[in-house]
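The values are calculated or read from the model by the stated rules, or taken from the named source; none is laboratory data. Small disclaimer: the values here were computed from a predicted structure and weren't measured. Cβ atoms come from the backbone with ideal geometry, glycine included; neighbour counts cover every protein chain shown.
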Amino acid sequence: MVCLFLADIDGCLSAPYEAYDLDGFKWLAEAGRRAETDPLYPRIGICSGRSYAYVEAVAQALDLRGPALFESGGGRFDLQTASIRWSPLLTDEVEQALHSVRDYFHRDLLPGSGFSFDYGKRAQVGVVGTDQKEIARRAVEVDRFVSAHYPDLIVHPTHVSIDVLPRALTKRVAVETVAEQEGLDISEVAFIGDTQGDIEALETVGFSFAPQNATEATKAAVQVVTEGAVLDGVLEAYAWCVRHNESVAESA
């Protein structure tokens, strides 16, 4: 059975910096409420690299009953109790390294660029922008700097951002940790993601999905590529999980 369905935000629940599909959000919220009493419907959660405040807002929009993992699992937010838990892997040493990368961004990366600093993060450091060529070019520079000075950190670029995060706080660790916290085997967890930073987690869970807009490398790593893009793909993947659970229940 699929007991927990986790979705990334950017590229999955919504396209970055575009209007939300409120009808789709309503459908997903209703499914999440049903999941609290119907075991055929997996509980719904979020696993995103976005900061706490943004993930909280999306959780509220979805009336989320399941866990909301932000900053790639650096923290966990639960809407029902309005509580935040930071990962114990976010040590003082890790935070000091991230502070140094933050200084590098402000000193060497941001001036004269088209980037904006991604404020509000603690467990990772990032910049956002809309010029995909600039992101790809500067991501190489960031990776060179981080590799030379902070081997315990890793660079995860997307088409709208460059993020630096601890190797110990990736989405793979996040899905493994939340499965343990929820009393589940990792084989009972589903995840849908669309970029490089999702691949390790997708290869770890029992059920992996990518929307049609995902990168080719991400599509190659999953069990199911949906016909729909962005939120349509998430809804399609969730419906697949419900059908799978119905099939398992019928054969039991």
Filter result for the condition that a residue is acidic (D, E) and closer than 22 Å to P157 by Cβ, over E71, E56:
E71
Scan of region 21-60 for residues that are surrounded by fewer than 16 Cβ atoms within 10 Å (Cβ to Cβ), closer than 19 Å to Q181 by Cα and touching a residue at least 40 places away in the same chain (Cβ under 8 Å), ordered by number:
P39
Just wondering, is there one or more residues in region 70-84 that are touching a residue at least 24 places away in the same chain (Cβ under 8 Å), surrounded by fewer than 16 Cβ atoms within 10 Å (Cβ to Cβ) and out of contact with any helix residue (DSSP H, G or I) (no Cβ under 7 Å at 6 or more places or on another chain)?
no
(1) touching a Lys or Arg at 6+ places or on another chain (Cβ under 9 Å); (2) at positive phi: which one isn't true of G183, the others all being true?
(1)
Output the number of the condition that E18 fails; it satisfies all remaining conditions of (1) surrounded by 14 or more Cβ atoms within 10 Å (Cβ to Cβ); (2) more than 22 Å from R243 (Cβ to Cβ).
(1)
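Which of the residues spanning region 198-220 are in contact (Cβ under 8 Å) with a residue 12 or more places away in the chain and over 16 Å from the mean Cα position of the chain (by Cα)? Spell out how you get there, then give the answer.
If we filter region 198-220 for residues that are in contact (Cβ under 8 Å) with a residue 12 or more places away in the chain, which is where we start, we get 198-215, 217-218.
Selection gives G206, Q212, A217.
Have a look at A53, A123, A97 and point out the one that is more than 24 Å from D185 (Cα to Cα), modelled with pLDDT of 95 or more and in the same structural domain as I186 (by TED's automatic domain parsing).
On the way: A123 fails: in the same structural domain as I186 (by TED's automatic domain parsing); A97 fails: in the same structural domain as I186 (by TED's automatic domain parsing).
Checking each option against the conditions leaves just A53.
Among the residues of region 82-95, are any within 13 Å of the chain's Cα centre (by Cα) and not hydrophobic (A, V, I, L, M, F, W, C)? Steps first, answer last, please.
Narrowing region 82-95 to residues within 13 Å of the chain's Cα centre (by Cα): none.
Within region 82-95, none of the residues are within 13 Å of the chain's Cα centre (by Cα) and not hydrophobic (A, V, I, L, M, F, W, C).
So which residues in region 174-214 are of a type outside the set (G, A, S), assigned to a loop (DSSP other than H, G, I, E, B) and modelled with pLDDT of 95 or more? Working first, answer last.
We begin by selecting, within region 174-214, every residue of a type outside the set (G, A, S); these are 175-178, 180-182, 184-186, 188-189, 191-192, 194-196, 198-200, 202-205, 207, 209, 211-213.
Filter again for assigned to a loop (DSSP other than H, G, I, E, B), leaving 182, 184-185, 194-195, 203-205, 211-213.
If the condition is that a residue be of a type outside the set (G, A, S), assigned to a loop (DSSP other than H, G, I, E, B) and modelled with pLDDT of 95 or more, then E182, L184, D185, D194, E203, T204, V205, P211, Q212, N213 are the ones that fit.
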